[in-house]
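The values are calculated or read from the model by the stated rules, or taken from the named source; none is laboratory data. Nothing here was measured: the structure is a model prediction, and the numbers come from that model. As a convention, Cβ positions derive from the backbone with ideal geometry for all residues, glycine included, and neighbour counts pool all protein chains shown. Just the protein is used for accessible areas: all its heavy atoms, side chains included, with ligands, DNA and RNA removed. Shrake-Rupley method; radii C 1.70, N 1.55, O 1.52, S 1.80 Å.
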Amino acid sequence: MKTKIRFSIYFIVGFIAWLLSLGLMLPLAMELVLPSLHITEEYKYYDLFVLVVFAINILICSIFFSWYFGGPLWFIISWVANLSKGNYDPPAKKRKIYTKKNKLKRRYRLYEEVIVHLHTLSVSLQKAEHDRMELEKAKKDWIAGISHDVKTPLTYITGYSALLLNDQYNWNEEEKVTFLQEIEGKARHIESLVQDLHLSYQMDNIETLIPLQLNKVNIIELVKTIMADIANDPRAKKYHFSFHSTFDRMQIEIDEKLIHRIFQNILMNAVIHNDEGTNIVVMIEKVNDAYIQFIVKDDGKGMESEVVDHLFDSDRVTLAKNKLDRNGLGMSIVKKLVTAHQGQISVTSEKDKGTTIVILLPVKKEIRKGDKSKL
């Protein structure tokens with residue numbers, strides 16, 4: 001029953017009860033109590049005594065109604081006041097408003113919906129406060145991680161630049177080229193981090209789906225081109241890449257720039273987080289008429305289950321060998337970009353046995369057979 005209707009019923013019943021008590025108390029006082037005190041109509045102050053009886057009746061009824069209706073209201077006001085101060089626990093007397101069967105006592109049932117909503121609001125505010133604190137902590141960790149990600153390559157750039165500028169040594173051309181390659185590699189890494197940061201900021205500030213610039217693209221050629229670019233990166237010189245596909249042409253509608261970002265992040269992660277000599281394999285195959293499957297597999301270090309569980313978190317901070325290790329925003333962005341293409345991504349990994357990433361993307365027909373190549 002709604003509070004408004006229940007309150008109206010309670011008010012009408014209370015008013016009738018007051019009239020009945022008045023109708024009972026006045027005759028009782030006039031016929032029995034006052035005469036027993038030798039106060040009759042001939043008494044000078046008889047009317048005053050009748051008025052006092054009337055006032056006593058009103059006072060008693062007022063106290064009762066105040067207790068019955070006002071008590072729950074005061075309880076509700078106290079609860080709201082607590083909420084306004086950031087105290088999300090209900091007033092201490094909350095346990096007293098319930099019966100032993102955990103039902104609201106009768107006088108509190110009048111405001112049952114209000115009490116239920118207040119309890120829900122209290123839980124929601126408490127959860128929001130907890131989430132806000134977690135978000136603040138995650139933000140600090142995220143900023144610390146980004147700072148660490150940028151600081152590391154900057155240290156290399158500063159160091160190699162100082163070596164090149166040191167006039168006490170005469171570096172040969174081969175050494176200079178090596179230093180410059182390292183500087184270029186670290187600069188590209190910083191550029192990649194900045195791009196990831198920009199993408200992450202854009203995605204977190206878009207209320208709807210990520211806008212895609214869709215075009216028909218031969219996904220086979222695109223992935224092979226990306227792999228060739230990664231393989232030619234100085235950081236990937238001592239890694240072994242291979243590509244396998246049952247088709248040499250497969251046209252699907254994608255945002256080429258964002259798909260390029262997906263595979264670039266995945267492949268560079270396979271390089272950065274594995275030892276030299278690691279084999280990195282990319283396989284493309286058609287699952288059914290609806291999806292095309294991409295498998296990126298390596299036989300590198302692998303990951304612990306705790307790391308895999310948080311691989312796609314944008315604020316991911318993991319503990320490895322008692323040292324804080326942050327792998328940036330790359331996989332968080334990959335997840336969002338795959339989802340934006342209405343695709344799916346999953347990761348399986350085992351420590352010291354490698355990692356496998358599987359991506360499913362929607363596909364349209366237009367396929368030709370046969371390709372197997374090595375980069």
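Could you rank the peptides 57-70, 105-118, 262-275 by their average count of other C-beta atoms within 10 Å per residue, with the highest value first?
262-275, 105-118, 57-70
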Taking the mean number of other Cβ atoms within 10 Å as a proxy for protection, how do you rank 342-351, 214-223 from highest to lowest?
-> 214-223, 342-351
Beyond 26 Å between alpha-carbons counts as too far, so tell me which of Lys176/Lys351; Lys224/Lys286; Lys257/Lys336 fall in that bin.
-> Lys176/Lys351
Where Arg249, Arg188 fall by accessible area, highest first, once all protein chains stay in place (1.4 Å) = Arg188, Arg249
Give the ranking of Tyr169, Tyr156 by solvent-accessible surface, highest area first, calculated with a 1.4 Å probe.
-> Tyr169, Tyr156
Using Cα centres only, tell me the gap between segment 82-138 and segment 219-248 in whole Å.
-> 58 Å
Restricting to aspartates and glutamates and to Cα separations under 19 Å from Lys101, and discarding same-chain partners fewer than 8 apart, the set is Glu112, Glu113
Rounded, prolate or oblate: pick one for segment 236-304, where a ≥ b ≥ c are the square roots of the eigenvalues of its C-alpha gyration tensor, a/c under 1.5 means rounded, and failing that, prolate if a/b is larger than b/c, else oblate.
-> prolate
Segment 46-124 shape via C-alpha gyration tensor axes, a/c threshold 1.5 = prolate
